[in-house]
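**Student:** Handing you this structure, nothing more for now.
The values are calculated or read from the model by the stated rules, or taken from the named source; none is laboratory data. Because the structure is predicted, anything quoted here is derived from the model rather than measured. Cβ placement follows ideal geometry from the backbone for every residue including glycine, while neighbour counts extend to all protein chains displayed. Keep in mind that these areas ignore ligands, DNA and RNA; they rest on the heavy atoms of the full protein, side chains included. Shrake-Rupley method; radii C 1.70, N 1.55, O 1.52, S 1.80 Å.
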Amino acid sequence: MPKTLSAAPAPASGGPNPSPRRGRTGFTLGALSPRGMSPRTLVIVLAVITLGCIAAFMTIDLRGNLSYALTRRGIRVGAMLVVAVAVGLSTLMFQTVTANRILTPSIMGFDALYILIQTGLVFALGSSTLLTAAPSLKFGVEVALMVVFSALLYRWLFTGGTGSLHLMLLVGIVIGTLFRGFSSLLQRLMEPSEYIVLQDLFFASFNQVEPLLLGISAVVVVLVAAVVWKLRKTFDVLALGRDTAVNLGVDHRRIVTLVLVLCSILVAVSTALVGPVTFFGLLVVSLAYQMVRKFSHAALIPIVCLLGAITLIGGQLVLERVFGFATALSVIIEFAGGLLFLYLLLKGSLK
């Protein structure tokens, strides 16, 4: 008996459509979006965009002494890459261990501590002493103070009777408020001329980075990033929750303590190198979560780093060549990140 051709049955009402919509060329339209790409393809695309931003930043409107101009631009690009990796990885790890997409290491008071250190140095020694001090000495003191502060806080919280992340976050908020209040008091007591010099240190700047400090920061960030990459599968387990991670054989307290110390090192190096960038990590990591389909840290780690580099280098390029230095890049990033923080906070409160 000959077979007859029949039309394919229509999908059930409300169910998934088994045949995605295709264009005339045969490509799936959803594959053109970031979420339609595989993680490897997305990493390659972002890497190409990053290289394009670097090439454009290094070559556009290049004139005069080429050797000097390329060196200065190369230092700025290197600083932006270091900050992108450091802040992006620290935020990603922090949100993984705290199981919260809103919190960042800045909530622990790192930015407030940096401002307090700068304010205390200017108040005690004067702005002239601070500006003429050896950059390596100043950088080392800032990093050491921030890392020691975080290490003492983590040791007290995780070796005590509670070991609660929520307690740690609450203590971080209180300490950050205390640091900001003390900084404000010192700023009101100092001379206006000293305060004007101090204000320039409160915003991230990529224009005056010492090559020696950049090299030290790059080495530290690369070493920490290698440890983070080695722990990528452990992060996938930690993202499932504390109880699940413990049942799967993860030493939760040891790993979380290690991760938080690594976060403190990354944030301390980034902040001491260029200054505080409060909401940059939140902005980049939230965008990375929106672009990937599977929340695997093997994909999230390179995507977060590349998105951070594109945001900083591309944003600085647009700011310089299109808007003519109308404002600082850190101000735009903080404004956009602050709006995103409020949106995520309100979205969570409405659930």
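**Student:** Could you derive backbone 3J(HN,Hα) for the range 81-91 from the dihedral phi with the Karplus parameters 6.51, -1.76 and 1.60 (θ = phi - 60°), listing whole Hz in sequence and x where the residue is Gly or Pro?
**Tutor:** For the range 81-91, the Karplus-derived couplings read 5, 4, 5, 4, 5, 5, 5, x, 5, 5, 5 Hz, x marking Gly and Pro.
**Student:** A further question follows. Using the heavy atoms of the protein chains alone and a 1.4 angstrom probe, what is the accessible area of the range 189-293 per residue in square angstrom?
**Tutor:** Accessible surface, normalised per residue, equals 49 Å².
**Student:** Find the centroid of the Cα atoms in the range 47-114 and in the range 229-271, then give the distance between the two in whole Å.
**Tutor:** 23
**Student:** Sorting check: for 301-307, 98-104, which peptide has the highest mean count of neighbouring beta carbons within 10 Å, and how do the rest follow?
**Tutor:** Top of the packing list down: 301-307, 98-104.
**Student:** Can you list the HN-Hα couplings for the range 243-255, worked out from phi with the Karplus curve (6.51, -1.76, 1.60; θ = phi - 60°), rounded to whole Hz and with x for Gly and Pro?
**Tutor:** With coefficients 6.51, -1.76 and 1.60, one gets 4, 5, 5, 5, 5, 8, x, 8, 6, 4, 5, 5, 5 Hz.
**Student:** Next question, about the same structure. Modelled label-to-label distance, LEU342 and LEU62, 7 Å Cα→beta-carbon offset: nm?
**Tutor:** The modelled label-to-label distance comes out at 4.2 nm.
**Student:** To continue, here is another question. Of all accessible surface on the range 160-311 at a 1.4 Å probe, what whole percent is carbon and sulfur?
**Tutor:** 64
**Student:** I would also like to ask the following. For the range 179-250, what does the alpha-carbon gyration tensor say about shape, rounded, prolate or oblate, given a ≥ b ≥ c as the root eigenvalues, a/c under 1.5 as rounded, and a/b over b/c as prolate?
**Tutor:** In terms of gyration-tensor shape, oblate.
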